[in-house]
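Worksheet: one structure, shown below.
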Amino acid sequence: LMNEVTDISYRSLDPGYWLPQTLENGDQVLIPIPSDIQQLIQETFYPSAAVAAGDYRALAEQENVAVRVYNNTTIAGLAGNTREFLIGQGISIDQVGNMPSPDNTLTTIYYYNTGRNTALYLASVLGLASDRVERGREGLATDGVIIAAGTDMPTIVSGGQ
């Protein structure tokens, strides 16, 4: 007789936890990002020790990275509306614009090299789960954070109205 286990928690090392790299001999390898993997381990096995939203705000202020909002939909003015919402939450936005090829998906927050805590803080402000935060890898930036405002953003910035 087997006992039913209902509290299994698992995570995977998605592309945000490693960087692809080509060695001098042409071999393609994946380089792990130890700090991000350590954070994943902490969140998975010790969730009660996870950082609270208020702590992410303090950590985000320490990072002091640029925050950009890009419209990832065909909804006109979404980046600007998102910027206004975030300014109302006390968050400064450095730039707004459009994603090069909007794909009308849900909002994702990307961080580049630095800015992971800022991205997690923004996710908490926007009411997004932490799995909507990813390491940026499409070359839109070299540092800071990009909020790719998606099809769920109009509901978020209108307060669910």
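The values are calculated or read from the model by the stated rules, or taken from the named source; none is laboratory data. It should be emphasised that the depicted structure is a prediction, and the values quoted were computed from it without experimental measurement. Note that each Cβ is placed from the backbone with ideal geometry, even for glycine, and that neighbours are counted across all protein chains shown. Quick note on the areas: whole protein, heavy atoms, side chains included, nothing else; ligands and nucleic acids left out. Shrake-Rupley method; radii C 1.70, N 1.55, O 1.52, S 1.80 Å.
Which longest uninterrupted range of the chain lacks any GluC sites (Glu not before Pro) assigned by DSSP to a loop state (not H, G, I, E or B) and surrounded by at most 16 other Cβ atoms within 10 Å?
25-137
Got a sec to turn the phi values of region 71-88 into Karplus ³J(HN,Hα) couplings, 6.51 cos²θ - 1.76 cosθ + 1.60 with θ = phi - 60°, whole Hz, x for Gly and Pro?
With the stated coefficients, region 71-88 comes to 6, 10, 9, 9, 7, 4, x, 5, 4, x, 5, 5, 4, 4, 4, 5, 4, x Hz.
Roughly what % of DSSP beta bridges within the chain run antiparallel, to the nearest 5?
50 percent
Hey, got the dipole for the chain? About the Cα centre, +1 on K and R Cβ, -1 on D and E Cβ, debye to the nearest 20?
Approximately 340 debye in magnitude.
What 222 nm value per residue comes from the helices of the chain, counting each DSSP H run with n ≥ 4 as -39,500 (n - 2.57) and dividing by all residues, nearest 500 deg cm²/dmol?
Rounded to the nearest 500, it is -9000 deg cm²/dmol.
Once amide H atoms are placed 1.01 Å from N in the peptide plane, what residues at a sequence separation of 5 or more from Val133, or on another chain, have their amide H within under 5 Å of its amide H?
So Val133 has HN proximity to Ile109.
Arrange the residues Leu78, Leu140 by how much accessible surface each exposes, largest first, with a 1.4 angstrom probe.
My answer, sorted largest first, is Leu140, Leu78.
Return the distance in nm (one decimal) between the two label points of a simple spin-label model at Thr155 and Ser12, each offset 7 Å from Cα along Cα→Cβ.
2.5 nm
With a 1.4 Å probe and all protein chains in place, put Ile31, Ile37 in order of accessible area, largest first.
In descending accessible area the options line up as Ile31, Ile37.
So what is the relative contact order for the chain, in percent, with contacts set as C-alpha pairs under 8 Å and at least six apart?
It comes to 24 percent, rounded to a whole number.
Go through Gly80, Leu122, Gly136 and say which Cα lies farthest out towards the positive end of the charge dipole of the chain; charges sit on Cβ, +1 for Lys and Arg, -1 for Asp and Glu.
Gly80
Could you list which residues have their amide H under 5 Å from that of Val96, counting only those 5 or more apart in sequence or on another chain, with H placed in the peptide plane?
Amide H neighbours of Val96: Val69.
Per residue, how large is the accessible surface of the chain? Use a 1.4 angstrom probe and give square angstrom.
Roughly 60 Å² per residue, with all protein chains present.
How large is the Rg to Rh ratio of the chain when both quantities use alpha carbon positions and Rh follows Kirkwood?
Value, to two decimals: 1.02.
Lys and Arg at +1, Asp and Glu at -1: add these up for the other residues within a Cβ distance under 15 Å of Glu63 and post the number.
Result for the local shell: -1.
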